[in-house]
Amino acid sequence: MAKNLLIVESPAKAKTIEKILGSDYVVKSCFGHIRDLPQKAIGVDIKNQFQPEYVVSPDKKDIVKELSKLAKEAEVWLATDEDREGEAISWHLAEVLHLDINKTKRIVFNEITETAIKKAIQSPRKLDVNLVNAQQARRILDRLVGFELSPVLWRKLNRPSLSAGRVQSVAVRLVVEREREINAFNSEYSYKVVGVFSIEEKGKEKSFKAELSRKFEKKEEAEQFLKDCIPASYKVSDIQVKPASKSPAPPFTTSTLQQEASRKLGFSVKKTMMVAQKLYESGKITYMRTDSVNLSDLAINSIKSMIKERFGDEYSHVRQYVTKNASAQEAHEAIRPTYAQNDSIDGSKDEERLYDLIWKRTVASQMSNAKLERTIAQIDISTRKEQFIAEGEVIKFEGFLKLYLESTDEESEDEEQSGMLPALSVGQSPTIQTITATQKFSKPPGRYTEASLVKKLEELGIGRPSTYAPTISTIQDRGYVEKGQREGQKRDYNVLTLKNGTVTVKALQEVTGSVKGQLVPTDIGSLVTDFLTDQFNKVMDYKFTANIEKEFDSIADGKVEWEKMIGNFYQPFHENVESSINSKVYVTGERQLGVHPASNKPVTARLGKFGPMIQVGSSEDETKPTYAKLLSGQSIETITLEEALALFNLPRLVGSFEDKEIKANNGRFGPYIQHGTAFVSLKREDDPLTVDLDRAIELILEKRTADANKFIAEFPEHAIQILNGRFGPYLKQGKNNFKIPKGKQPDKLTLEECLEIISTGGKDSATTKKKTTKFKK
DNA sequence: CAGTGAGCGAGCTTCCGCTTGACTT
């Protein structure tokens with residue numbers, strides 16, 4: 001039996017540390033928090049100084065049992081993370097394992113290296129009760145806000161399972177307000193003029209581009225300019241050459257990894273975290289939930305020697321990055337490869353790609369600046385006072401660019417990579433080949449992507465590395481925010497060209513305003529945001545988290561009692577909740593669209609029991625009002641009277657096929673076509689208002705083949721079917737589904753085997769089914 | 001499975017931050 005029990009949070013960490021410490025130490029993991037407020041009840045005694053009721057989390061019972069047993073016979077070292085949550089985890093461990101708080105050794109290290117760990121063992125400290133209290137205040141405040149606000153929403157929007165919280169509600173607010181900025185944006189245009197010139201260099205013709213020093217607002221102005229250029233000659237009037245340098249981005253944190261993996265690999269934040277977890281568990285990278293850009297000395301040294309060996313001394317530049325984010329707690333290192341010399345790993349395609357990204361980013365962060373030379377040449381026009389400006393950039397020394405360049409969120413269509421210019425000199429007269437004036441529209445602010453929303457939340461100090469991905473999932477699961485599906489719309493633009501002495505005008509089309517993969521608010525998301533910002537503006541304030549973080553810090557410093565801080569917050573907050581819940585106002589977002597041209601009845605859009613809808617007429621009229629559901633992509637806030645009235649064309653007769661009518665409609669599960677008694681869902685790109693007969697028949701036939709492929713085998717006498725599903729083959733009996741055990745071939749199952757699967761696996765499947773279905777209604 | 005369009009009723013939702021698997025139709 002070992003004399004010492006050392007407890008850390010993560011099992012992968014435990015393994016590594018056990019190797020370092022040897023046989024005197026048993027190193028175990030507690031898998032994060034072991035105790036928390038109860039899941040189903042508020043668990044805070046408000047009348048009694050907000051005393052929390054903690055329970056061992058159901059999935060941690062076994063862990064706690066094991067740790068208790070080990071703790072009885074060994075000296076316990078609490079080695080959880082060095083931050084507020086880590087301190088609290090240690091305190092809960094001390095409580096549950098009945099350790100003497102004054103005697104228990106608490107140690108911390110923020111890198112897993114032999115020196116760091118042995119040094120930590122040399123200097124244990126006591127539990128920091130003030131820091132624990134700061135965590136309790138954070139926990140209790142979040143619980144009070146979440147569990148008091150959510151019921152207000154259930155009532156005001158008449159919808160169960162809505163939720164509100166310090167983090168998620170602000171995340172939704174960001175998306176809602178961005179959408180409104182975009183809706184309010186008035187796109188303006190101007191004409192951007194680009195000339196293509198050529199010049200002789202060493203007997204060869206070389207061409208280069210230059211942009212005019214001004215843009216034109218009107219087409220006529222642009223046209224006049226081109227005409228003026230017909231007889232013109234051109235002269236290089238000035239050349240400036242300036243050295244420039246670029247430095248690498250710091251190593252990855254959780255947030256920057258999510259952003260880069262989204263931009264460069266197209267990963268969702270959830271996927272990034274799942275793949276990173278795999279890399280971490282197999283020992284290939286350091287911990288992936290971190291807000292620190294710090295690299296351990298050991299890592300820096302091994303990266304340095306690797307760079308020198310592989311690229312040469314001149315490529316090495318040791319940099320120690322400092323975390324700028326004020327809310328960072330820096331309990332871990334930056335995300336980096338465990339062994340810098342491994343420039344690739346074996347794993348799934350996704351693991352290999354993410355590792356490659358992490359490796360390059362980390363190594364590049366320790367490489368020299370890139371040295372550039374920027375050339376700006378000015379070209380005069382004999383017939384006009386404007387000038388053409390040619391810009392060129394030449395890399396003199398690539399430095400870190402040899403490996404890696406960080407991407408940006410902006411679309412890169414306009415970024416003409418300014419390459420090398422031919423050698424120009426003042427006084428030269430380049431010849432013009434073409435000049436084009438292109439109509440360019442100003443762009444509204446971009447919608448958030450999952451990753452750019454994480455970036456924004458981090459800037460505001462809202463949320464933590466471990467919660468970014470779950471928060472993004474929550475706001476989508478609750479139906480507040482969706483990933484956009486709509487393709488862009490076509491827009492005309494003009495291009496004027498001067499070539500061979502004549503000016504031509506062409507109208508072209510571009511696609512703009514695609515929302516694919518970007519976050520758009522739903523009607524419910526917008527209504528919840530408006531309601532909460534109106535009635536609970538303090539909690540919805542973008543600075544709320546930053547403000548209370550300061551108060552948590554005061555608690556951690558021992559200057560403020562946590563009960564007092566929570567009391568000061570709760571008293572006005574709760575009064576607000578009470579008055580809001582008692583008011584008879586319901587949130588429907590009702591909006592008048594106008595009157596029906598035929599009947600003169602009012603047309604309104606609002607949130608109904610089953611979602612956003614249009615109503616024609618009022619419920620007080622003698623004849624009942626008529627209703628129509630909004631289509632996906634439409635919203636109460638933006639739908640027009642014309643669009644609303646068009647919805648009443650449903651159900652719509654599309655035509656007939658195989659002697660049966662085909663109708664298009666918008667139902668409970670979205671738009672569909674009905675063919676006799678068969679129903680087929682429309683695809684995202686289809687619109688029930690316009691879908692034609694050919695397409696409808698195509699979809700019907702598609703569905704028939706899909707249904708045929710779905711079927712593998714059946715035993716009708718027992719109502720058993722073996723089918724192909726989303727997660728592979730499965731067994732179905734009546735309404736229950738069963739997993740087919742590994743190693744069994746689904747098409748060769750016998751009746752006996754099927755019955756066995758049902759009798760053994762039956763219980764589990766039935767209970768899990770209940771769990772998942774209860775969410776839906 | 002492809003309706004419906006309120007406000008009583010019965011009983012259910014819900015937070016944020018630490019950690020991993022188990023499991024999905």
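Taking strands (runs of 3 or more DSSP E) as the structural unit, those lying wholly within region A:659-731 and holding at least 2 residues that are surrounded by 19 or more Cβ atoms within 10 Å (Cβ to Cβ) correspond to A:660-667, A:670-675, A:720-725. Taking first residues from region A:159-183 that are basic (Lys, Arg) and partners that are in a loop (DSSP other than H, G, I, E, B) and more than 13 Å from DNA strand B (Cβ to nearest atom), the Cβ contacts under 7 Å between residues at least 6 apart in sequence or on separate chains come to A:178/A:445; A:178/A:447; A:178/A:448.
Yes or no: region A:237-244 includes at least one residue that is of a type outside the set (Ser, Thr, Tyr), away from DNA strand B (no atom under 16 Å from the Cβ) and buried (at least 22 other Cβ atoms within 10 Å of the Cβ).
We begin by selecting, within region A:237-244, every residue of a type outside the set (Ser, Thr, Tyr); these are A:238-244.
Cutting the leftovers down to away from DNA strand B (no atom under 16 Å from the Cβ) gives us A:238-244.
Now narrow it down to the ones that are buried (at least 22 other Cβ atoms within 10 Å of the Cβ): none.
Checking region A:237-244: not a single residue is of a type outside the set (Ser, Thr, Tyr), away from DNA strand B (no atom under 16 Å from the Cβ) and buried (at least 22 other Cβ atoms within 10 Å of the Cβ).
Residues in region A:49-85 that are in contact with a strand residue (DSSP E or B) (Cβ under 9 Å, 6 or more places away or on another chain) and within 12 Å of DNA strand B (Cβ to nearest atom): A:52, A:54, A:55, A:56, A:57, A:60, A:63, A:80, A:81. If you take the residues in region A:600-647 that are away from DNA strand B (no atom under 14 Å from the Cβ) and at pLDDT below 90, which one is farthest from residue A:160 (Cα to Cα)? Once the filter is applied, the top-ranked residue is A:622.
Out of A:704, A:695, one residue alone is away from DNA strand B (no atom under 13 Å from the Cβ) and in contact with an Asp or Glu (Cβ under 7 Å, 6 or more places away or on another chain). It is A:695. Taking residue A:247, is it surrounded by 14 or more Cβ atoms within 10 Å (Cβ to Cβ), within 30 Å of residue A:406 (Cβ to Cβ) and of a type in the set (S, T, N, Q)? The answer is yes for residue A:247.
With the condition being modelled with pLDDT of 95 or more and surrounded by fewer than 16 Cβ atoms within 10 Å (Cβ to Cβ), I'd like the helices (runs of 4 or more DSSP H) fully within region A:479-567 carrying at least 3 qualifying residues. Don't jump to the end; show me each part of the working.
Values: elements: A:523-535, A:537-540, A:544-556.
Helices (runs of 4 or more DSSP H) meeting the threshold: A:544-556.
Close Cβ contacts (under 6 Å, 6 or more residues apart or on different chains) running from residues in region A:648-673 that are within 12 Å of DNA strand B (Cβ to nearest atom) to residues that are modelled with pLDDT of 90 or more and among the basic types (Lys, Arg) comprise A:651/A:663; A:664/A:652; A:666/A:629.
Number of residues in region A:568-590 that are among the small types (Gly, Ala, Ser), touching a helix residue (DSSP H, G or I) at 6+ places or on another chain (Cβ under 6 Å) and either modelled with pLDDT of 95 or more or outside any helix (DSSP H, G or I) (or both) equals 1.
Between A:201, A:177, the distinction of being under 23 Å from residue A:634 (Cα atoms) and away from DNA strand B (no atom under 16 Å from the Cβ) belongs to A:177 only. Of all the numbered requirements in (1) within 15 Å of DNA strand B (Cβ to nearest atom); (2) in contact with a strand residue (DSSP E or B) (Cβ under 7 Å, 6 or more places away or on another chain), residue A:193 misses one, and that requirement is (1). Looking only at residues of region A:1-28 that are small (Gly, Ala, Ser) and touching a helix residue (DSSP H, G or I) at 6+ places or on another chain (Cβ under 9 Å), we find that the one that is farthest from residue A:62 (Cα to Cα) is A:2. Six or more apart or on different chains, Cβ under 8 Å: which pairs go from a residue in region A:227-239 that's closer than 12 Å to residue A:432 by Cβ and at pLDDT 95 or above to one that's outside any loop (DSSP other than H, G, I, E, B) and among the aromatic types (Phe, Trp, Tyr)? Could you list them? From residues that are closer than 12 Å to residue A:432 by Cβ and at pLDDT 95 or above, the pairs are A:234/A:197; A:234/A:388.
Yes/no per residue for (1) outside any loop (DSSP other than H, G, I, E, B); (2) over 29 Å from the mean Cα position of the chain (by Cα); (3) of a type in the set (Phe, Trp, Tyr):
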{"residue": "A:228", "(1), (2), (3)": "yes, yes, no"}
{"residue": "A:236", "(1), (2), (3)": "yes, yes, no"}
{"residue": "A:278", "(1), (2), (3)": "yes, no, no"}
{"residue": "A:301", "(1), (2), (3)": "yes, yes, no"}
{"residue": "A:319", "(1), (2), (3)": "no, yes, no"}
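Condition first: surrounded by 14 or more Cβ atoms within 10 Å (Cβ to Cβ), part of a helix (DSSP H, G or I) and not small (Gly, Ala, Ser). Can you find one or more residues in region A:439-451 that meet it? Give the steps one after another, and end with the answer.
At the first step, the residues of region A:439-451 found to be surrounded by 14 or more Cβ atoms within 10 Å (Cβ to Cβ) are A:439-440, A:443-444, A:447-451.
Within this subset, residues satisfying the condition of being part of a helix (DSSP H, G or I) are A:450-451.
Now restrict to residues that are not small (Gly, Ala, Ser): A:450.
Within region A:439-451, one or more residues are surrounded by 14 or more Cβ atoms within 10 Å (Cβ to Cβ), part of a helix (DSSP H, G or I) and not small (Gly, Ala, Ser).
The residue of region A:25-48 that is surrounded by the fewest Cβ atoms within 10 Å (Cβ to Cβ), among those that are touching a strand residue (DSSP E or B) at 6+ places or on another chain (Cβ under 6 Å) and not in a loop (DSSP other than H, G, I, E, B), is A:45. When residue A:361 is tested against (1) in a helix (DSSP H, G or I); (2) basic (Lys, Arg); (3) under 24 Å from the mean Cα position of the chain (by Cα); (4) surrounded by fewer than 18 Cβ atoms within 10 Å (Cβ to Cβ), just one condition goes unmet, and that condition is (4). Checked against the criterion of being of a type in the set (Asp, Glu) and under 30 Å from residue A:442 (Cα atoms), the candidates A:281, A:260 yield just one match: A:260. Pairs, please: C-beta under 6 Å, at least 6 apart or cross-chain, first residue charged (D, E, K, R) and in region A:26-41, second near DNA strand B (Cβ under 8 Å from one of its atoms)? These pairs meet every condition: A:36/A:57.
The values are calculated or read from the model by the stated rules, or taken from the named source; none is laboratory data. Computed from a predicted structure; not experimentally measured. Cβ: placed from backbone, ideal geometry, glycine included. Neighbour counts: every protein chain shown.
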